[in-house]
Amino acid sequence: RHVDEAVAAAALAFGQDDHRALLRHAALHDHVTGAGNRTKLMEDAVTILTTAALFIDLDEFKAVNDRFGHAIGDMVLRTVAERITDVVDGRGRLYRVGGDEFAGLLDDVPTAAPGAPLAGRCAIEIGAALRLPYPVTEFVDVSLDVSIGTAVAGPGERADHLLSRADEALVLGAERGGEDG
């Protein structure tokens, strides 16, 4: 609601409704990756039917920024977002919720298997895609490891609760030595 009010006020100030959609998009999407941001995630969590949630953390990503600088780090983040989007496309949505953290909401796709196989399959595919090398210079590639927490919706479970469980699974997996949740 607050985002909509701010967007409406800004559009009115510009005097053009054309800007309303652009301002709303800017308010709800990450400027580096184009993925939805935390605000968009929370908005979608109450409006879409979700079968599963994923939390994705890029392990030791800070080293990329420290070694190559933020411009290269941003390039790697854009590639990460593209790779995740390629996996969940048609099955869900992607959000960047922190510096090196992403979340995914998987839709209730009628042709898909129940949530657990879908979530597990997506997690495996995302992990494989994100572990591929990232070319950062002509002669240097960066490799990343990734931790993924998953949660499958129970009957009538809200997406915001599902997201909390996926985040807990990510943390528990990291505490067990990097196993995915």
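Derivation of every value follows stated rules applied to the coordinates shown; laboratory data play no part. All values derive from a computational prediction rather than experimental measurement. Virtual Cβ from ideal backbone geometry, glycine too; neighbours counted across all protein chains shown.
Compared with the alpha-carbon gap, the fully stretched path from Asp59 to Asp74 is longer by 3.9 nm at 0.36 nm per residue. Using the average count of surrounding beta-carbon atoms within 10 Å as a protection proxy, the listed peptides 38-48, 147-157, 62-72, 130-140 rank, highest first, as 147-157, 38-48, 62-72, 130-140. Remark on Gly92: its backbone amide H falls under 5 Å from those of Asp107, a criterion applied only to residues 5 or more positions apart or on other chains, H modelled at 1.01 Å from N. Subtracting the Cα-Cα distance of Ser164 and Glu82 from 0.36 nm times their residue separation leaves 27.1 nm of extension gain. If a/c stays under 1.5 just call it rounded; otherwise compare a/b with b/c (prolate if a/b is bigger, oblate if not). Do that for the range 17-139, with a ≥ b ≥ c from the square roots of the Cα gyration tensor eigenvalues. Judged from the Cα gyration tensor, the range 17-139 comes out oblate (a/c at least 1.5, b/c at or above a/b). Summary of the geometry: the range 53-86 and the range 144-175, compared by the centres of their Cα atoms, lie 20 Å apart.
Full extension of the segment from Arg38 to Asp145, taken as 0.36 nm per residue of separation minus the current Cα-Cα distance, would add 36.2 nm. Here the Karplus relation 6.51 cos²θ - 1.76 cosθ + 1.60, evaluated at θ = phi - 60°, turns the backbone of the range 100-105 into coupling constants of 10, 10, 10, 9, x, 10 Hz, with x for every Gly and Pro.
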